[in-house]
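What follows is a short report on a single structure.
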Amino acid sequence: MRRIHAKETDGSILTGVPAFVAIWRRLPGYRRLAVLVQGLRLVGPLDWGYAHFADWRLRRRCKDGACTLTP
C-alpha cells in the first residue's frame with residue numbers, strides 16, 4: 001500500500017509515477033497523459049509529490065492500527 005508497483009514486459013519493476021506512466025501508456029484513454037507527463041519532464045517532480053503523499057496516506061491509515069504494515 002505504500003507505493004504503486006508495475007511490472008514491465010521485460011520483467012523490470014517500476015514504482016511510483018514511472019509505474020503510473022507505464023500503466024497509462026497501455027490504456028487508450030490515458031496514452032496522451034503519459035506522453036504529456038514524460039514530454040514535460042514531470043515524472044521526477046510528480047514522483048517526489050507522490051512519495052510524500054503515499055507516506056502520509058500510509059501513516060494516516062495505519063495510525064489507528066488498521067493495518068499491520070510498519071510505516
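The values are calculated or read from the model by the stated rules, or taken from the named source; none is laboratory data. The structure presented is a predicted model; accordingly, all values stated were derived computationally and were not measured. In this analysis, Cβ positions are derived from the backbone assuming ideal geometry, glycine residues included, and neighbour counts consider all displayed protein chains.
Tabulated data for the structure shown
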{"quantity": "Tally, over segment 25-56, of residues that are more than 29 Å from residue 67 (Cα to Cα) and among the hydrophobic types (A, V, I, L, M, F, W, C)", "calculated": "9"}
{"quantity": "Residue count for segment 9-29, restricted to those that are in a helix (DSSP H, G or I) and surrounded by 16 or more Cβ atoms within 10 Å (Cβ to Cβ)", "calculated": "7"}
{"quantity": "Answer from 64, 47 - the residue that is in a helix (DSSP H, G or I) and of a type in the set (Asp, Glu)", "calculated": "47"}
{"quantity": "Subset of segment 15-47 that is over 14 Å from the mean Cα position of the chain (by Cα) and of a type in the set (Lys, Arg) - its residue that is nearest to residue 5 (Cα to Cα)", "calculated": "26"}
{"quantity": "Criterion (surrounded by 13 or more Cβ atoms within 10 Å (Cβ to Cβ) and in contact with a Phe, Trp or Tyr (Cβ under 8 Å, 6 or more places away or on another chain)) met by exactly one of 34, 51", "calculated": "34"}
{"quantity": "Residue in segment 17-36 that is touching a Gly at 6+ places or on another chain (Cβ under 9 Å), in contact (Cβ under 8 Å) with a residue 40 or more places away in the chain and not charged (D, E, K, R) present", "calculated": "no"}
{"quantity": "Of all residues in segment 54-71 being surrounded by 10 or more Cβ atoms within 10 Å (Cβ to Cβ) and of a type in the set (A, V, I, L, M), the one that is modelled with the lowest pLDDT", "calculated": "69"}
